[in-house]
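Engineer: Below you'll find the structure I mean.
The values are calculated or read from the model by the stated rules, or taken from the named source; none is laboratory data. Everything numeric in this text was worked out from a predicted model, so none of it was measured. FYI the Cβ positions are ideal-geometry reconstructions off the backbone, even for glycines, and counts take in every protein chain you see.
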Amino acid sequence: MTDSSSPVIKFNKVSKYYMAGGTRVTALKAVDMELHAGDFVTVMGPSGGGKTTLLNCIGGLDAPDAGEIFLNDRLISKMSDRELTQLRRKEIGFVFQFFNLMPTLTIWENVELPLLLSHSSRTSDERIRTLLEYVGLQNRARSFPAELSGGEMQRVAIARALVHQPAIILADEPTGNLDSENGVKILELMKKVSVEFQTTLVVVTHNPQIADYGNCHFEIRDGELKNKNREDRI
Ligand SMILES: Nc1ncnc2c1ncn2[C@@H]1O[C@H](COP(=O)(O)OP(=O)(O)O)[C@@H](O)[C@H]1O
Ligand SMILES: [Mg+2]
(Lines give C-alpha, C1' and ligand atoms only; values in the text may rest on other atoms or scores of the structure.)
(Ligands and ions follow the chains in the order given, each with its own letter.)
Protein backbone atom coordinates (compact mmCIF):
# COMPACT_ATOMS: atom_id res chain seq x y z
CA MET A 1 0.00 0.00 0.00
CA THR A 2 1.39 3.33 -1.00
CA ASP A 3 -0.83 5.85 0.74
CA SER A 4 1.91 8.43 0.87
CA SER A 5 2.26 8.60 -2.93
CA SER A 6 -0.16 10.70 -4.91
CA PRO A 7 -3.15 8.69 -6.09
CA VAL A 8 -3.53 7.44 -9.64
CA ILE A 9 -7.24 8.20 -9.45
CA LYS A 10 -8.91 10.69 -7.17
CA PHE A 11 -12.65 11.38 -6.99
CA ASN A 12 -13.74 14.53 -5.22
CA LYS A 13 -17.49 14.57 -4.47
CA VAL A 14 -18.43 13.03 -7.81
CA SER A 15 -22.13 12.84 -8.64
CA LYS A 16 -23.83 11.51 -11.74
CA TYR A 17 -27.53 11.67 -12.59
CA TYR A 18 -29.63 10.11 -15.31
CA MET A 19 -33.12 11.02 -16.40
CA ALA A 20 -35.21 7.88 -16.74
CA GLY A 21 -38.92 8.05 -17.50
CA GLY A 22 -39.19 11.63 -16.30
CA THR A 23 -37.51 10.96 -12.94
CA ARG A 24 -33.95 11.67 -11.97
CA VAL A 25 -31.88 8.66 -10.96
CA THR A 26 -28.76 9.28 -8.88
CA ALA A 27 -26.17 6.85 -10.21
CA LEU A 28 -23.29 8.31 -8.15
CA LYS A 29 -23.81 10.32 -4.99
CA ALA A 30 -20.93 12.61 -3.91
CA VAL A 31 -18.38 9.83 -4.28
CA ASP A 32 -14.93 10.37 -2.72
CA MET A 33 -12.29 7.81 -3.63
CA GLU A 34 -8.53 7.44 -4.00
CA LEU A 35 -6.82 4.60 -5.87
CA HIS A 36 -3.06 4.05 -5.88
CA ALA A 37 -0.53 2.40 -8.19
CA GLY A 38 -0.68 -1.37 -7.90
CA ASP A 39 -4.00 -1.41 -6.05
CA PHE A 40 -6.28 -4.31 -6.90
CA VAL A 41 -9.65 -2.73 -6.25
CA THR A 42 -12.90 -4.66 -6.13
CA VAL A 43 -16.29 -3.01 -6.39
CA MET A 44 -19.35 -4.97 -5.34
CA GLY A 45 -22.99 -4.03 -4.98
CA PRO A 46 -26.48 -4.77 -6.24
CA SER A 47 -27.55 -4.40 -9.85
CA GLY A 48 -28.34 -0.76 -10.56
CA GLY A 49 -26.14 0.35 -7.64
CA GLY A 50 -23.79 2.41 -9.80
CA LYS A 51 -20.87 0.05 -10.50
CA THR A 52 -20.74 0.53 -14.26
CA THR A 53 -21.28 4.28 -13.93
CA LEU A 54 -18.32 4.41 -11.54
CA LEU A 55 -16.07 2.55 -14.02
CA ASN A 56 -17.26 4.69 -16.91
CA CYS A 57 -16.43 7.85 -14.99
CA ILE A 58 -12.94 6.57 -14.11
CA GLY A 59 -12.39 5.64 -17.76
CA GLY A 60 -13.68 8.91 -19.16
CA LEU A 61 -16.57 7.19 -20.97
CA ASP A 62 -19.01 9.20 -18.88
CA ALA A 63 -18.58 12.69 -17.45
CA PRO A 64 -19.82 13.46 -13.95
CA ASP A 65 -22.51 16.10 -13.37
CA ALA A 66 -20.75 17.39 -10.26
CA GLY A 67 -17.38 16.96 -8.57
CA GLU A 68 -13.90 16.38 -9.92
CA ILE A 69 -11.97 13.37 -11.19
CA PHE A 70 -8.17 13.39 -11.38
CA LEU A 71 -6.01 10.85 -13.23
CA ASN A 72 -2.40 11.21 -12.15
CA ASP A 73 -3.11 14.77 -10.96
CA ARG A 74 -4.77 15.83 -14.21
CA LEU A 75 -8.38 16.96 -14.03
CA ILE A 76 -10.16 14.64 -16.46
CA SER A 77 -13.74 15.43 -15.51
CA LYS A 78 -13.60 18.63 -17.57
CA MET A 79 -11.71 17.28 -20.59
CA SER A 80 -13.21 17.41 -24.08
CA ASP A 81 -14.33 14.18 -25.77
CA ARG A 82 -11.29 14.38 -27.99
CA GLU A 83 -8.89 14.67 -25.08
CA LEU A 84 -10.68 11.82 -23.29
CA THR A 85 -10.39 9.58 -26.33
CA GLN A 86 -6.63 10.21 -26.43
CA LEU A 87 -6.37 9.58 -22.72
CA ARG A 88 -8.28 6.30 -22.94
CA ARG A 89 -6.12 5.08 -25.78
CA LYS A 90 -2.92 5.80 -23.92
CA GLU A 91 -3.62 5.31 -20.25
CA ILE A 92 -6.62 3.08 -19.69
CA GLY A 93 -7.25 -0.56 -20.48
CA PHE A 94 -10.71 -2.11 -20.53
CA VAL A 95 -11.79 -5.70 -19.91
CA PHE A 96 -15.43 -6.61 -20.46
CA GLN A 97 -17.78 -9.41 -19.43
CA PHE A 98 -18.27 -10.50 -23.03
CA PHE A 99 -14.59 -10.04 -23.97
CA ASN A 100 -15.38 -7.68 -26.89
CA LEU A 101 -12.71 -9.06 -29.19
CA MET A 102 -12.92 -8.23 -32.89
CA PRO A 103 -14.12 -11.46 -34.54
CA THR A 104 -12.47 -10.80 -37.91
CA LEU A 105 -9.03 -10.12 -36.44
CA THR A 106 -6.57 -12.75 -35.25
CA ILE A 107 -5.51 -12.95 -31.62
CA TRP A 108 -2.27 -11.16 -32.51
CA GLU A 109 -4.18 -8.38 -34.30
CA ASN A 110 -6.64 -8.01 -31.45
CA VAL A 111 -3.78 -7.40 -29.01
CA GLU A 112 -2.11 -5.02 -31.46
CA LEU A 113 -5.24 -2.93 -32.07
CA PRO A 114 -4.84 -0.41 -29.21
CA LEU A 115 -1.31 0.37 -30.46
CA LEU A 116 -2.62 1.00 -33.97
CA LEU A 117 -5.43 3.20 -32.65
CA SER A 118 -3.09 5.33 -30.58
CA HIS A 119 -0.55 5.56 -33.43
CA SER A 120 2.04 4.31 -31.00
CA SER A 121 5.60 4.57 -32.19
CA ARG A 122 6.69 1.86 -29.77
CA THR A 123 8.10 -1.19 -31.44
CA SER A 124 5.14 -3.41 -30.92
CA ASP A 125 6.01 -6.90 -32.16
CA GLU A 126 8.20 -7.79 -29.23
CA ARG A 127 5.64 -6.44 -26.78
CA ILE A 128 2.75 -8.38 -28.33
CA ARG A 129 4.82 -11.57 -28.32
CA THR A 130 5.79 -11.06 -24.67
CA LEU A 131 2.21 -10.40 -23.62
CA LEU A 132 0.80 -13.39 -25.50
CA GLU A 133 3.40 -15.49 -23.71
CA TYR A 134 2.50 -13.82 -20.42
CA VAL A 135 -1.13 -14.88 -20.76
CA GLY A 136 -0.11 -18.34 -22.05
CA LEU A 137 -1.41 -17.95 -25.61
CA GLN A 138 1.80 -17.68 -27.61
CA ASN A 139 0.68 -20.63 -29.75
CA ARG A 140 -2.65 -19.07 -30.63
CA ALA A 141 -1.45 -15.83 -32.24
CA ARG A 142 -2.90 -16.76 -35.62
CA SER A 143 -6.21 -18.11 -34.27
CA PHE A 144 -9.45 -16.16 -34.39
CA PRO A 145 -11.53 -15.39 -31.28
CA ALA A 146 -14.25 -17.91 -32.23
CA GLU A 147 -11.64 -20.68 -32.04
CA LEU A 148 -10.89 -19.94 -28.38
CA SER A 149 -12.65 -20.83 -25.12
CA GLY A 150 -14.17 -18.09 -22.95
CA GLY A 151 -11.24 -18.19 -20.54
CA GLU A 152 -8.76 -17.91 -23.41
CA MET A 153 -10.68 -15.00 -24.94
CA GLN A 154 -10.57 -13.18 -21.64
CA ARG A 155 -6.81 -13.76 -21.45
CA VAL A 156 -6.50 -12.16 -24.89
CA ALA A 157 -8.56 -9.25 -23.62
CA ILE A 158 -6.15 -8.85 -20.68
CA ALA A 159 -3.16 -8.86 -23.04
CA ARG A 160 -4.95 -6.26 -25.18
CA ALA A 161 -5.67 -4.13 -22.10
CA LEU A 162 -1.98 -4.23 -21.13
CA VAL A 163 -0.40 -3.62 -24.51
CA HIS A 164 -0.17 0.17 -24.29
CA GLN A 165 1.06 0.03 -20.67
CA PRO A 166 -1.95 1.76 -19.13
CA ALA A 167 -1.88 3.23 -15.65
CA ILE A 168 -5.20 1.60 -14.91
CA ILE A 169 -7.27 -1.36 -16.09
CA LEU A 170 -11.03 -1.31 -15.66
CA ALA A 171 -12.89 -4.61 -15.69
CA ASP A 172 -16.69 -4.83 -15.57
CA GLU A 173 -17.72 -8.34 -14.43
CA PRO A 174 -14.70 -9.94 -16.17
CA THR A 175 -15.58 -13.42 -14.91
CA GLY A 176 -19.36 -13.08 -15.29
CA ASN A 177 -19.33 -15.22 -18.42
CA LEU A 178 -16.84 -17.86 -17.25
CA ASP A 179 -17.13 -21.03 -15.18
CA SER A 180 -15.64 -20.79 -11.71
CA GLU A 181 -12.38 -22.56 -12.61
CA ASN A 182 -11.66 -20.17 -15.48
CA GLY A 183 -12.90 -17.24 -13.40
CA VAL A 184 -10.28 -18.05 -10.76
CA LYS A 185 -7.56 -18.28 -13.42
CA ILE A 186 -8.49 -14.86 -14.77
CA LEU A 187 -8.46 -13.34 -11.31
CA GLU A 188 -5.08 -14.89 -10.56
CA LEU A 189 -3.74 -13.44 -13.79
CA MET A 190 -5.11 -10.02 -12.88
CA LYS A 191 -3.55 -10.23 -9.43
CA LYS A 192 -0.21 -11.03 -11.06
CA VAL A 193 -0.61 -8.06 -13.40
CA SER A 194 -1.30 -5.65 -10.56
CA VAL A 195 1.80 -6.81 -8.68
CA GLU A 196 4.24 -7.15 -11.59
CA PHE A 197 3.21 -4.16 -13.70
CA GLN A 198 2.08 -1.91 -10.83
CA THR A 199 -1.08 -1.36 -12.86
CA THR A 200 -4.09 -0.28 -10.86
CA LEU A 201 -6.94 -2.72 -11.44
CA VAL A 202 -10.57 -1.93 -10.75
CA VAL A 203 -12.75 -5.00 -10.96
CA VAL A 204 -16.53 -4.97 -10.66
CA THR A 205 -17.95 -8.27 -9.48
CA HIS A 206 -21.00 -9.89 -7.94
CA ASN A 207 -19.00 -12.74 -6.51
CA PRO A 208 -17.67 -12.29 -2.95
CA GLN A 209 -15.03 -15.01 -3.50
CA ILE A 210 -13.67 -13.01 -6.41
CA ALA A 211 -13.61 -9.91 -4.27
CA ASP A 212 -11.15 -11.75 -1.97
CA TYR A 213 -8.46 -11.24 -4.60
CA GLY A 214 -8.42 -7.50 -4.11
CA ASN A 215 -6.46 -5.51 -1.57
CA CYS A 216 -8.92 -2.64 -1.55
CA HIS A 217 -12.66 -3.23 -1.38
CA PHE A 218 -15.58 -0.97 -2.13
CA GLU A 219 -19.31 -1.46 -2.12
CA ILE A 220 -21.70 0.75 -4.01
CA ARG A 221 -25.47 0.86 -3.63
CA ASP A 222 -27.88 3.61 -4.63
CA GLY A 223 -24.85 5.53 -5.88
CA GLU A 224 -23.21 5.65 -2.44
CA LEU A 225 -19.68 4.27 -2.26
CA LYS A 226 -18.45 2.66 0.93
CA ASN A 227 -14.90 1.63 1.59
CA LYS A 228 -14.94 -1.84 3.16
CA ASN A 229 -11.43 -1.45 4.55
CA ARG A 230 -11.73 1.95 6.07
CA GLU A 231 -8.67 1.42 8.24
CA ASP A 232 -6.51 1.55 5.08
CA ARG A 233 -8.05 4.33 3.11
CA ILE A 234 -10.62 7.07 3.14
N1 LIG B 1 -27.83 5.60 -19.80
C2 LIG B 1 -28.65 5.57 -18.73
N3 LIG B 1 -29.85 6.17 -18.77
C4 LIG B 1 -30.67 6.19 -17.70
N5 LIG B 1 -30.37 5.60 -16.53
C6 LIG B 1 -29.18 4.97 -16.43
C7 LIG B 1 -28.26 4.92 -17.52
N8 LIG B 1 -27.15 4.24 -17.13
C9 LIG B 1 -27.39 3.87 -15.85
N10 LIG B 1 -28.60 4.31 -15.42
C11 LIG B 1 -29.17 4.12 -14.08
O12 LIG B 1 -28.19 4.49 -13.12
C13 LIG B 1 -28.20 3.57 -12.04
C14 LIG B 1 -26.82 2.93 -11.91
O15 LIG B 1 -26.62 2.08 -13.05
P16 LIG B 1 -25.29 1.24 -13.29
O17 LIG B 1 -24.13 2.10 -13.02
O18 LIG B 1 -25.41 0.61 -14.62
O19 LIG B 1 -25.41 0.13 -12.13
P20 LIG B 1 -24.72 -1.32 -12.00
O21 LIG B 1 -23.60 -1.39 -12.97
O22 LIG B 1 -24.30 -1.36 -10.55
O23 LIG B 1 -25.79 -2.32 -12.28
C24 LIG B 1 -29.33 2.60 -12.31
O25 LIG B 1 -30.48 3.05 -11.63
C26 LIG B 1 -29.50 2.68 -13.81
O27 LIG B 1 -30.82 2.37 -14.17
MG1 LIG C 1 -23.17 -2.77 -14.49
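Engineer: In segment 178-205, what count of residues is obtained for those that are outside any helix (DSSP H, G or I) and either of a type in the set (A, V, I, L, M) or more than 25 Å from Pro166 (Cα to Cα) (or both)?
Structural biologist: Final tally of qualifying residues: 6.
Engineer: Shifting gears a bit: In segment 23-50, which residues are of a type in the set (A, V, I, L, M, F, W, C), touching a residue at least 40 places away in the same chain (Cβ under 8 Å) and within 13 Å of ligand 1 (Cβ to nearest atom)?
Structural biologist: Residues satisfying the conditions are Ala27, Leu28, Val31, Val43, Met44.
Engineer: Can you say whether Leu189 is within 16 Å of ligand 2 (Cβ to nearest atom), touching a residue at least 40 places away in the same chain (Cβ under 8 Å) and of a type in the set (A, V, I, L, M), as far as the supplied structure shows?
Structural biologist: For Leu189, the condition - within 16 Å of ligand 2 (Cβ to nearest atom), touching a residue at least 40 places away in the same chain (Cβ under 8 Å) and of a type in the set (A, V, I, L, M) - is not met.
Engineer: Among the helices (runs of 4 or more DSSP H) contained in segment 51-133, which hold 3 or more residues that are within 16 Å of ligand 1 (Cβ to nearest atom)?
Structural biologist: Output list reads 51-58.
Engineer: Next up: Do you know which residues across segment 131-151 are surrounded by fewer than 16 Cβ atoms within 10 Å (Cβ to Cβ) and charged (D, E, K, R)?
Structural biologist: The answer is Glu133, Arg142, Glu147.
Engineer: Hey, Gly93 hits all of (1) at pLDDT below 90; (2) crowded, with 16+ Cβ neighbours inside 10 Å; (3) within 24 Å of Leu55 (Cα to Cα) but one; which does it fall short on?
Structural biologist: (1)
Engineer: How many residues does segment 17-45 contain that are within 15 Å of ligand 2 (Cβ to nearest atom) and under 19 Å from the mean Cα position of the chain (by Cα)?
Structural biologist: 6
Engineer: Still on this model: Does segment 158-171 include one or more residues that are buried (at least 16 other Cβ atoms within 10 Å of the Cβ), of a type outside the set (S, T, N, Q), closer than 21 Å to Leu35 by Cα and within 16 Å of ligand 1 (Cβ to nearest atom)?
Structural biologist: Yes, segment 158-171 has at least one match.
Engineer: With the condition kept exactly as written, say whether any residue in segment 197-220 is more than 16 Å from ligand 2 (Cβ to nearest atom), crowded, with 21+ Cβ neighbours inside 10 Å and among the polar types (S, T, N, Q).
Structural biologist: yes
Engineer: Checking the condition surrounded by fewer than 17 Cβ atoms within 10 Å (Cβ to Cβ) and of a type in the set (Asp, Glu), which residue from Asp39, Asp65 passes?
Structural biologist: Asp65
Engineer: Here's another thing I want to ask about it. Can you tell me which residue in segment 5-22 is nearest to Asp62 (Cα to Cα), limited to those that are within 10 Å of ligand 1 (Cβ to nearest atom) and part of a strand (DSSP E or B)?
Structural biologist: Here the answer is Lys16.
Engineer: While we're here: Can you name the residue in segment 206-229 that is in a loop (DSSP other than H, G, I, E, B) and farther than 30 Å from Arg24 by Cα and, of all such residues, is nearest to ligand 1 (Cβ to nearest atom)?
Structural biologist: Looking at residues that are in a loop (DSSP other than H, G, I, E, B) and farther than 30 Å from Arg24 by Cα, I get Gly214.
Engineer: Moving on. Ile128: under 17 Å from the mean Cα position of the chain (by Cα), at negative phi and surrounded by 13 or more Cβ atoms within 10 Å (Cβ to Cβ), yes or no?
Structural biologist: So Ile128 fails the test.
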